[in-house]
Amino acid sequence: MLSNKDISKAMRIKLDSELPQHPEFDDKYRRAPKRQVKLTDREIKLALKNALRYVPEENHEKLAPEFLEELITMGRIYGYRYRPEGRIYGKPIDEYKGKCIEGKAVQVMIDNNLDFDIALYPYELVTYGETGQVCQNWMQYRLIKKYLQELTQDQTLVVMSGHPLGLFKSNKKSPRVILTNGLMVGMFDNPDDWGKAAAMGVSSYGQMTAGGWMYIGPQGIVHGTFNTLLNAGRMKLGVEKDGDIRGHLFVSSGLGGMSGAQAKAVEIANGVGIIAEVDKSRIKTRLEQGWVSKSTDSIKEAFEIAEKYIEKKEPISIAYEGNIVDLLEYALNNNKKIELLSDQTSCHVPYDGGYCPQGLTFEDRTKLLKNDKEEFKKHVDESLIKHFKLIKKMVDKGTYFFDYGNSFMRAVFDAGAKEISKNGKDTSEGFIFPSYVDDIMGPMLFDYGYGPFRWVCLSGKSEDLKKTDKAAMEIINPERRGQDRDNYVWIRDAEKNKLVVGTQARILYQDALGRRDIALKFNKMVRNGEIGPVMLGRDHHDTGGTDSPYRETSNIKDGSNITADMAIHCFAGNAARGMSLVALHNGGGVGISKAINGGFGMVLDGSERVDEILKKSIPWDVMVGVARRNWARCENSISTVAEYNEEFKEEDHITMPYVADDNLIENAFKEYKK
Ligand SMILES: NC(=O)c1ccc[n+]([C@@H]2O[C@H](COP(=O)([O-])OP(=O)(O)OC[C@H]3O[C@@H](n4cnc5c(N)ncnc54)[C@H](O)[C@@H]3O)[C@@H](O)[C@H]2O)c1
């Protein structure tokens with residue numbers, strides 16, 4: 001075995017031997033609760049040994065007890081000492097060191113994900129969704145940055161669950177970064193085994209754009225929420241095809257990382273919203289950002305304000321400081337009509353603090369979670385079941401409830417209310433309420449290829465963002481479809497709606513060719529010196545990147561919703577076509593083993609090389625999803641594919657399904673049964 005001295009000599013890129021000072025933590029920032037995992041003594045020792053792998057030997061003695069203390073008190077070794085002092089944020093690209101533009105651009109994105117204004121638990125490297133981390137610990141953060149500074153245009157950095165495995169030779173048309181998060185071997189693909197792996201420092205929960213380094217603050221989800229609310233109104237409340245939800249009430253919960261988008265979206269859609277939130281600090285953040293307009297701790301007052309604005313047909317968002325279950329109970333007991341209802345508590349991790357049970361304040365919840373997890377779980381289960389029963393009563397009275405991709409219905413089922421599943425036994429046939437993808441996003445957006453395309457102006461200049469907004473707007477034909485009109489209105493008003501938190505970023509739902517044309521136009525603008533370089537990307541919550549049977553692929557009805565071939569192909573195809581960064585994750589918004597999701601980052605440097613990559617990769621990234629949806633007989637995808645096959649006659653070709661008549665199937669089956 002080589003000595004540690006020899007090992008250190010054999011590495012060029014490594015952490016410095018000088019031990020950083022333990023940084024001061026500002027208690028104005030939220031801290032992650034203790035992650036509860038039962039490790040054996042052997043596993044605890046392994047976790048410690050694993051964390052010390054990053055650190056030169058001379059510091060082991062000092063750090064061993066410190067890391068052990070972190071593991072015992074926080075359930076993870078974050079290596080707090082290695083967190084750089086002060087504020088981390090996405091700076092203008094020129095302020096980063098690096099040997100290629102992609103290496104610098106990725107650093108901007110990572111730092112943006114850790115910005116105090118953006119990240120949910122910045123000291124624990126959690127960007128959003130309660131557990132979604134940029135990487136596992138601060139040693140990895142430092143090392144990844146060192147690698148990105150060394151990365152050249154002929155190399156690829158490989159990152160496995162936050163661990164930078166190394167730089168490997170590739171070529172100019174290869175991805176500069178390939179990363180994965182939380183992938184597990186089938187028989188261990190469950191939250192408990194994953195939890196142990198994470199505590200031992202060998203796996204990371206990347207959520208979607210947290211570990212994919214493409215988060216752009218709550219703006220990322222506002223556009224999708226805006227689209228969802230508009231289309232829910234059109235489907236269920238008799239709103240005109242191109243109308244908005246003025247004069248209508250939407251109620252939900254959560255003003256956290258993504259859920260924080262709800263209040264803003266309802267106002268942009270001209271509706272009235274009451275959003276319950278148990279954590280006052282999150283309400284404060286959203287008020288300061290102007291993402292919610294009013295706040296009250298009185299349910300009565302919340303409804304009074306809402307009713308006033310409904311009558312005036314003017315938009316308003318109201319944060320109710322308290323539990324959603326209390327709010328719903330009040331509404332039922334006082335005959336308050338809720339037209340659109342959802343929930344965005346972090347139900348993908350209800351027992352880890354994602355769901356605050358009725359009867360406990362936020363502070364009580366944190367204490368109980370720390371001191372008695374079993375008791376906490378009991379409270380969560382009781383509250384979820386009550387929550388479900390209240391929703392059911394409301395739905396019976398005409399409320400339209402939809403699951404907002406947070407695994408709410410699954411959590412209710414796991415809590416013991418089996419009747420939330422369609423067959424009352426298991427979840428194989430889905431649930432009694434629709435998910436927003438099932439009813440709205442799937443058929444109205446994903447099946448056409450519309451999805452959460454986004455970009456970051458790496459110069460950090462707001463003028464660049466203004467120019468890109470205008471350029472993107474010019475690409476959209478608002479007369480083509482209702483969806484195009486919504487997207488046009490969105491980008492036209494984006495600046496006015498003050499959506500930027502963190503870097504100069506924008507989200508814009510677009511279909512395959514819309515994304516391609518915008519990307520090419522931006523690259524040309526970079527080439528002409530009109531704007532600085534741009535990072536393109538998307539949320540993993542999209543047409544093509546994600547296989548998630550309860551969410552993104554919940555409207556796939558041919559039985560293939562339990563497979564993950566599409567997400568893997570999307571990732572591999574993006575790598576093959578030369579996207580700058582490609583990511584593949586387990587879990588996402590619904591929890592370990594419940595989804596495989598991936599995303600990309602593409603740096604626009606103005607070059608013709610990038611034009612070529614964009615022409616091939618952007619349509620692929622979307623059309624792999626549309627093609628799969630078409631094969632699953634999703635109607636709107638079939639017509640989208642027919643148009644695509646015609647337009648790309650000479651280049652691409654997608655297999656289409658012959659659709660068998662239901663009566664014919666029934667008759668054939670009857671004959672067989674005889
Ligand atoms: N909006 C979307 O399109 C979308 C997309 C993907 C995932 N999700 C899912 O939505 C969920 C929320 O995501 P997030 O990033 O906002 O998480 P988050 O943890 O930052 O926010 C959830 C918020 O809910 C609050 N909360 C918990 N229990 C409550 C209760 N009983 N009453 C009132 N408030 C309560 C918490 O205090 C927290 O602020 C996650 O499960 C995420 O995976 C949403």
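What the table shows:
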| read-out | value |
| --- | --- |
| Some residue of the stretch 280-291 being away from the ligand (no atom under 12 Å from the Cβ), part of a strand (DSSP E or B) and farther than 22 Å from Cys347 by Cα | no |
| Any hit, the stretch 580-589, residues being over 13 Å from the mean Cα position of the chain (by Cα), closer than 19 Å to Arg527 by Cβ and in a loop (DSSP other than H, G, I, E, B) | yes |
| Selected residue (criterion: nearest to the ligand (Cβ to nearest atom)) from residues of the stretch 257-278 that are part of a helix (DSSP H, G or I) and of a type in the set (D, E, K, R) | Lys264 |
| Set Met139, Met160: member being under 25 Å from Gly195 (Cβ atoms), surrounded by fewer than 21 Cβ atoms within 10 Å (Cβ to Cβ) and more than 17 Å from the chain's Cα centre (by Cα) | Met160 |
| Count - residues of the stretch 228-256 that are at negative phi and near the ligand (Cβ under 10 Å from one of its atoms) | 5 |
| Filtered residue count, the stretch 27-44, keeping only those that are surrounded by fewer than 13 Cβ atoms within 10 Å (Cβ to Cβ) and within 11 Å of Met200 (Cβ to Cβ) | 2 |
| Selection within the stretch 167-178 - part of a strand (DSSP E or B), touching a residue at least 60 places away in the same chain (Cβ under 8 Å) and surrounded by fewer than 23 Cβ atoms within 10 Å (Cβ to Cβ) | Leu167, Ile178 |
| The listed residue being within 15 Å of the ligand (Cβ to nearest atom) and of a type in the set (A, V, I, L, M), out of Leu458, Leu390, Leu465 | Leu390 |
| Tally, over the stretch 312-348, of residues that are surrounded by fewer than 24 Cβ atoms within 10 Å (Cβ to Cβ), assigned to a loop (DSSP other than H, G, I, E, B) and in contact with an Asp or Glu (Cβ under 9 Å, 6 or more places away or on another chain) | 3 |
| From Asn181, Asn190, residue being in contact (Cβ under 8 Å) with a residue 24 or more places away in the chain, more than 13 Å from the ligand (Cβ to nearest atom), under 30 Å from Leu39 (Cβ atoms) and in contact with a Gly (Cβ under 6 Å, 6 or more places away or on another chain) | Asn181 |
| Any pair with Cβ under 6 angstrom, 6 or more apart, that starts in the stretch 463-485 at a residue that is farther than 26 Å from Gly243 by Cβ and ends at one that is in a helix (DSSP H, G or I) and not aromatic (Phe, Trp, Tyr) | Ala471/Lys521 |
| Residues satisfying the stated conditions in the stretch 349-359, i.e. assigned to a loop (DSSP other than H, G, I, E, B) and more than 9 Å from the ligand (Cβ to nearest atom) | Gly359 |
| Cross-chain or 6+ apart pairs with Cβ under 6 Å, the stretch 392-421 first and assigned to a loop (DSSP other than H, G, I, E, B), then of a type in the set (Lys, Arg) and within 16 Å of the ligand (Cβ to nearest atom) | Gly405/Arg551 |
| Those residues of the stretch 545-581 which are among the aromatic types (Phe, Trp, Tyr) and under 19 Å from Ser637 (Cβ atoms), in sequence order | none |
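Coordinate-derived values only; no laboratory data. All figures in this text were calculated on a predicted structure; none of them were measured in a lab. Cβ sites come from the backbone with ideal geometry, for glycine too, and all protein chains shown count toward neighbours.
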